[in-house]
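Any read-out appearing in this document is the output of simple, stated calculations on the displayed coordinates, not a laboratory observation. What you see is a predicted model; the values in this text were computed from it and never measured. Every residue, glycine as well, gets a Cβ built from its backbone with ideal geometry; the counts of neighbours run over all protein chains shown.
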Amino acid sequence: KSVKVFAPATVANVACGFDIIGLALDGVGDEMELRLGDTPGVRITAIEGADLPLEAAQNVAGVALLAMLQEYGQPETGIEVVIRKRIQPGSGIGSSAASAAGAVAGANILLGNHFSPEELVPFAMEGERLACGTPHADNVAPAIMGGFTLVRSYQPLDVIRLHTPADLWVTVIHPQIEVKTSDARGILKQQVLLKDAIRQWGNVGALVAGLYREDYQLISRSLEDVIVEPIRAILIPAFYDLKLRCREAGALGGGISGSGPSVFMLSKGEENARNVAAMMEQIYAPLGVDYKIYVSRI
Ligand code: HSE
């Protein structure tokens, strides 16, 4: 018995929701194939498209599966995995999360849906712990559950799937420069000012309300990050130019995708999303930095 899974790319943070909000792209992601094996444990048999370790304990998909099998509690179970990477590691659109999430989602099908999607999230978080040192859930949760997700609490873990407006699109530009998540986290301040916190949680609440009301203008007003973005913006070429001119081109707003270097913009409708892509191209083409652009429904 084998299963093929699509493991979507994701945008974490979504401006105001550092470490708590994420969204999944509809058509961009990795492919994985899993089967039950004869040998107990986890075997990664092949990885195409990226130079990543095959050893389960060193691989984000491997550690997620090991955590899952431990909880499953039947020591004779063996899982074999083939990973076809389409999302470049270090892109800021949840490459490691896609592998970890796809692995546990696929294995769960092989195990007869023993776990609920919510129960799979902590296993996939072990992949993030291996990848960047912090088991954040804002990429793995949307990769497993789809659409928008919110982490209300990490301890205990409480993940909520949110409503996605029917005509919401995302455009992502991935400049081909390396930003390590651990570095992008290392430069953050550990304390925030109360006035910034007030502005940020106002935006988070309003973003969630905007999603449920399908109120695109409210979503637009809420796409603001006064805590993390001002520190990380320096890591991304032409960041403020992108933000300003993409809004002029029809975007509702956006920000850094996860820890960067990708930048995302949300738009109402495909036409706006494509106009935003054209604007991104116009800004980046003269910079001499290679880049990839993705347009996707959420
Ligand atoms: N929330 C995480 C961060 C996502 O911004 O560091 C990393 O992909």
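Explain nothing, just compute: Karplus ³J(HN,Hα) = 6.51 cos²θ - 1.76 cosθ + 1.60, θ = phi - 60°, for every residue of the range 139-148 in order, whole Hz, x for Gly and Pro.
Whole-Hz 3J(HN,Hα) from phi for the range 139-148: 9, 5, 4, x, 5, 7, 9, x, x, 9.
Relative contact order of the range 224-298: what whole-number percent is it, with Cα pairs under 8 angstrom and at least 6 residues apart? Let's see the in-between values first.
Numbers: 78 pairs, mean separation 19.5, N = 75.
That works out to 26 percent.
With Cβ to Cβ distances under 14 Å as the rule, what net charge do the other residues near Leu111 carry (K, R +1; D, E -1)?
Summing Lys/Arg as +1 and Asp/Glu as -1 gives -2.
Per residue of the chain, what 222 nm ellipticity follows from adding -39500 (n - 2.57) for every DSSP H run with n ≥ 4, rounded to the nearest 500?
Working: 10 runs with 113 residues, N = 298.
About -11500 deg cm²/dmol.
Once you have the alpha carbon radius of gyration of the chain, what is it after dividing by 2.2 N^0.38 Å, with N set to its residue count?
Details: Rg = 18.7 Å, N = 298, 2.2 N^0.38 = 19.2 Å.
Taking the Cα Rg and dividing by 2.2 N^0.38 Å, one obtains 0.97.
With 10 angstrom as the radius, rank His174, His163, His114, His136 by how many other C-beta atoms surround their C-beta, starting from the fewest.
Placing the least packed residue first, the sequence is His163, His114, His174, His136.
Between Gln70 and Ala278, what is the label-point separation in nm under the 7 Å Cα-to-beta-carbon projection?
With each label placed 7 Å out from Cα toward Cβ, I get 5.2 nm.
Restricting to the chain, compute how many DSSP beta bridges are antiparallel as a %, nearest 5.
Taking every DSSP beta bridge within the chain, about 85 percent pair in antiparallel fashion.
Which whole-number percentage describes the relative contact order of the range 1-92, with Cα contacts under 8 Å and a sequence gap of 6 or more? Don't jump to the answer; show the numbers that get you there.
Numbers: 168 pairs, mean separation 30.3, N = 92.
Across the range 1-92, relative contact order equals 33 percent.
Can you work out the Karplus-derived ³J(HN,Hα) for every residue in the range 76-87? Use 6.51 cos²θ - 1.76 cosθ + 1.60 with θ = phi - 60°, whole Hz, and x for glycine or proline.
Computed from phi, the couplings for the range 76-87 are 7, 5, x, 10, 10, 10, 10, 10, 10, 7, 10, 9 Hz.
Restricting to the range 1-117, compute how many DSSP beta bridges are antiparallel as a %, nearest 5.
Values: 17 of 24 bridges.
Bridges in the range 1-117 that DSSP calls antiparallel: roughly 70 percent.
Quick one: which of 257-266, 279-288 comes out on top by average Cβ neighbours within 10 Å, and what's the full order, highest first? Don't skip to the end; give the middle numbers.
On the way: 257-266: 27.6, 279-288: 14.6.
By packing density, highest mean first, the sequence is 257-266, 279-288.
Which far-off residues, 5 or more places away or on another chain, put their amide H under 5 Å from the one on Gly253, with H placed in the peptide plane?
Leu266
Any idea what the relative contact order of the chain is, in percent, if you count C-alpha pairs under 8 Å spaced at least 6 apart? List each step's numbers first, then the result.
On the way: 708 pairs, mean separation 64.8, N = 298.
Reported as a whole number, the value is 22 percent.
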